[in-house]
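Below you will find the structure I want to go over with you.
All of the numbers you see were taken from the coordinates with simple rules; none came from a lab. Just so we're clear, the structure is a prediction, and the values are computed from it rather than from any experiment. Here Cβ is always computed from backbone atoms with ideal geometry, including for glycine, and neighbour counts include all displayed protein chains.
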Amino acid sequence: MRFAQGLALGGEWSGAALLATENAPANKRAIYGTFPQLGAPIGFIIANVIFLVFSYALSPADFMAWGWRVPFLLSAIMVIIGLYVRLKLIETPAFTKVIESNEVAKLPLGRVFKSSWRQLILGTFIMLATYVLFYLMTTFTLTYGTRPASLEAARAAAEKAGKPMTEAAAAAFVPGLGYTRNDFLWMLIAGVVFFGIFTLVSGPLAEKYGRRKMLLAVTGGIFVFGLLFVPLFSGGFVGTMALLVIGFSLMGLTFGPMGALLPELFPTNVRYTGSAVSYNFSSILGAAVAPFIAVALWEAADGSPVLVGVYLTAMAVLTLIALFVSKETRDVDYENNVA
């Protein structure tokens, strides 16, 4: 199912970003490009609210037996809406010009690796801190937040579930924050609201200051944020909520401009392929491994998130390097540009 999801998202994001930016008026590509990006926070909120509704409405046994299937079935509504939209789409003006000038790449994957390999590398690492931040904020924080805060609490929970903790499990136990899953999901949903708000805010900022300059500032913020993991996580409910709000706000500010920046790196006839490949290469280097690396670092530090924060800071350094060696893309000739 993850493989199928990867195929779907891999092609879907780039098409949505190009549809928005290639139809955007002059000087508004970054603003239009933020709207496809809103799919992430809105989808996260809808999915988790539905999950919570069913988890509250059903007994644990019923939820595990059949209730968890209902949200998946309800997603068919979005599939129908998406299919309707696709059937109504026409090619963008920029790509229509490529067709008319007979510049369509017959083998776009080969063409983009040959003509735009530097942009592929830059796009991959420009997106890296964004991906790592997102998966740390959604996956790692949920794991860390819902792990029992003490060995005694973990033993009690295991006894209540009818699965007493073994000595080996007790020896390997790593403490967390001790929230219930439902409570922490509500905290995550509250944080993701800021993700959506700052995704919208990022568009006008990227137009005013340029994609590169804005992302340099935001990635610098991610660098500092990684060093604040321990003091924020140690601040009880207020500190944890502050971490979620700050982290998701930075996520919106870094994720929003990507809808314009990644496509702008590539010529029109390989733009779809180039932006999709760099976006997904970054997902492999960042998103795919971030949760596993984070948990391993957390366990290595005996329950402290200090190394997880350092990991995020290190990824921010790689993104800063990519941004420093890249050029501003705000004023590129978006329509009359082919490889």
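Tell me what the chain gives for mean residue ellipticity at 222 nm when only DSSP H runs of n ≥ 4 count, each as -39,500 (n - 2.57), the sum divided by the residue total, rounded to 500 deg cm²/dmol.
Mean residue ellipticity at 222 nm (helix-derived): -22500 deg cm²/dmol.
Also, quick follow-up: Given a Förster distance of 41 Å, report the FRET efficiency between Val332 and Met64 from their Cβ-Cβ distance, rounded to the nearest 0.05.
According to the calculation, E is roughly 0.20.
When a/c reaches 1.5 or more, the comparison of a/b and b/c decides; with that in mind, is region 279-318 rounded, prolate or oblate per its Cα gyration tensor?
Oblate is the answer for region 279-318, as a/c is 1.5 or above yet b/c matches or exceeds a/b.
Tell me, what HN-Hα J-couplings in whole Hz come from the Karplus equation 6.51 cos²θ - 1.76 cosθ + 1.60 at θ = phi - 60° for each residue of region 296-306, using x for Gly and Pro?
Karplus-based 3J(HN,Hα) across region 296-306 equals 4, 5, 4, 5, 5, 8, 6, x, 8, x, 4 Hz.
Moving to a separate point now. Starting with the highest mean, order 261-269, 153-161, 225-233, 242-250 by the number of other Cβ atoms within 10 Å, averaged over the residues of each peptide.
Going by the mean number of other Cβ atoms within 10 Å, highest first, we get 261-269, 242-250, 225-233, 153-161.
Moving on to the next point. Within region 2-325, how many Lys pairs that are eight or more residues apart, or on different chains, come under 19 Å at the alpha-carbon?
Final tally of qualifying lysine pairs is 4.
With springs only between Cα atoms under 10 Å apart, run a GNM on the chain and tell me which of Gly235, Gly145, Gly11 wobbles the most.
Gly235
Within a 10 angstrom radius of the beta carbon, how do Thr146, Thr180 rank from fewest other beta carbons to most?
Final ranking by Cβ density, sparse to dense: Thr180, Thr146.
What ranking do 196-204, 126-134, 38-46 get when scored by the average of other Cβ atoms within 10 Å per residue, highest first?
For the peptides 196-204, 126-134, 38-46, the packing ranking is 126-134, 196-204, 38-46.
Rounded, prolate or oblate, given the Cα gyration tensor of the chain, with a/c below 1.5 counting as rounded?
It comes out prolate by the Cα gyration axes.
What full-extension length gain, to one decimal in nm, is calculated for Ile197 and Ala47 as 0.36 nm per residue of separation minus the Cα-Cα distance?
52.2 nm
Multiply the residue separation of Ala170 and Ala158 by 0.36 nm, subtract the distance between their alpha-carbon atoms, and state the gained length in nm to one decimal.
3.2 nm
Can I ask one more? Taking other Cβ within 10 Å of each residue's Cβ, how do Leu89, Leu185 sort, fewest first?
So the residues, fewest neighbours to most, are Leu89, Leu185.
Nearest 0.05, what FRET efficiency do Ala149 and Ile121 give at R0 = 41 Å with Cβ-Cβ as r?
E between Ala149 and Ile121, to the nearest 0.05, is 0.45.
Between Val306 and Phe237, what is the label-point separation in nm under the 7 Å Cα-to-beta-carbon projection?
Roughly 2.9 nm, to one decimal.
Pop the C-beta distance of Thr180 and Gln5 into the FRET formula with R0 = 25 Å and round what comes out to the nearest 0.05.
0.35
Please give the length that would be gained between Ile284 and Tyr209 if that part of the chain were fully extended, namely 0.36 nm times their separation in residues minus their C-alpha to C-alpha distance (nm, one decimal).
Extra length from Ile284 to Tyr209 when fully extended: 24.0 nm.
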